[in-house]
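These notes concern the structure reproduced below.
The values are calculated or read from the model by the stated rules, or taken from the named source; none is laboratory data. What you see is a predicted model; the values in this text were computed from it and never measured. Reconstructed Cβ throughout: ideal geometry from the backbone, glycine too, with neighbour counts over all protein chains shown.
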Amino acid sequence: MTDIDRIYRRLGVTFDHTFGESFYHDRLSAVVADLLHKGIARQSEGAVGVFFDDQPDAPPFLIQKQDGAYLYGTTDLATIQYRMQTWRPDAILYVVDHRQGLHFAQLIAAARRWGYTDLELQHVSFGTVLGDDGRPFKTRSGDTVGLGGLLDEAVQRALAIVTANDDAKPDGPELSAEERQQVAEAVGIGALKYADLSQNRTSDYMFSYDKMLAMQGNTATYMQYAHARVRSIFARGQRMGASEAGSTSGPHAGPLPEGEGAVMLEHSAERALGLELLRFSEALDAVQRDYRPNHLTT
């Protein structure tokens, strides 16, 4: 948990509540008993499961083994029960890879039979990250790559780009070693997050540091670079405005003050940008409807 929390901090991920499997342990026997009592589950060869008789090829959704041990399905049902009693959520989303599709389809079906019908239950599945060889992404030694290692490598590569760009400035480098590292963290981790979010989540995709950190195309690095350029334009405008008659007027970041007149979209590029901005709310709606962040990144 300490290692996982360290990665979450780097990613800026926080949780309001974190409960492990053991938290639900004292609920499991009651879950099984209630499902048996209501006829939702039944015994078979010493085990207990929820059966889907309308799907003859489907295996039962086991909630207790022959030796009395409980399974993931039992804990997942207890989790739904606890969350409904404690928070009464409108939706419960399971962000787990597509290989667990059958488990969640049966879990949701069992929960519906149990009476949880006025609740959105959704398996937000995702595909596999592939290497250059089209197989699940691994190190050269054949080990599965950990997320911490991916973050370190992304930041290291970003630092090389930041250093080269800073060293190439006409008037000499502008950033200290500490500032370079801060920029590299923002660029590297931003690039990794965005690369993942920009994929259609149900599709497998090829992982590439070079594409992820590219200074052009649909990448976080390009958008960060464009944002920095825009801020630079505003800063230059402020300096120019301040130098004229000693005022502090001139271009500035943020909304235009009241009374400055309408924004005229006269150039075709301005009009195209205006139309894209108007579609922003549509993208947000699509993300929420389908749980697909790539609608927003695009």
Original post:
If residue 125 satisfies every condition in (1) more than 30 Å from residue 293 (Cα to Cα); (2) in contact with a Ser or Thr (Cβ under 8 Å, 6 or more places away or on another chain); (3) hydroxyl-bearing (Ser, Thr, Tyr) but one, which is the exception?
Top reply: (1)
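For residue 145, state whether it is at pLDDT 95 or above, within 30 Å of residue 221 (Cα to Cα), outside the structural domain of residue 35 (by TED's automatic domain parsing) and of a type outside the set (Lys, Arg).
In short, no.
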Original post:
Under 7 Å by Cβ, and 6 or more places apart or on different chains, what pairs join a residue from the stretch 261-274 that is under 21 Å from residue 298 (Cβ atoms) with one that is not aromatic (Phe, Trp, Tyr)?
Top reply: 271/265; 274/265
Original post:
For the stretch 40-62, does any single residue satisfy the condition of being in contact with a Lys or Arg (Cβ under 7 Å, 6 or more places away or on another chain), aromatic (Phe, Trp, Tyr) and surrounded by 11 or more Cβ atoms within 10 Å (Cβ to Cβ)?
Top reply: yes
**OP:** Kindly indicate whether residue 196 is under 22 Å from residue 4 (Cβ atoms) and of a type in the set (Asp, Glu).
**Re:** yes
**OP:** Pick out, from the stretch 130-243, the helices (runs of 4 or more DSSP H) lying fully within it that include 3 or more residues that are among the small types (Gly, Ala, Ser).
**Re:** 147-167, 177-197, 220-243
Original post:
How do the pairs read when you match residues in the stretch 21-44 that are farther than 15 Å from residue 62 by Cβ with residues anywhere that are of a type outside the set (S, T, N, Q) and in a helix (DSSP H, G or I), using Cβ under 7 Å and keeping only pairs 6 or more apart or on different chains?
Top reply: 24/78; 24/82; 27/78; 27/82
**OP:** Would you mind telling me which numbered condition in (1) free of Cβ contacts under 8 Å to residues at least 24 places away in the same chain; (2) assigned by TED's automatic domain parsing to the domain that holds residue 194 residue 151 fails?
**Re:** (1)
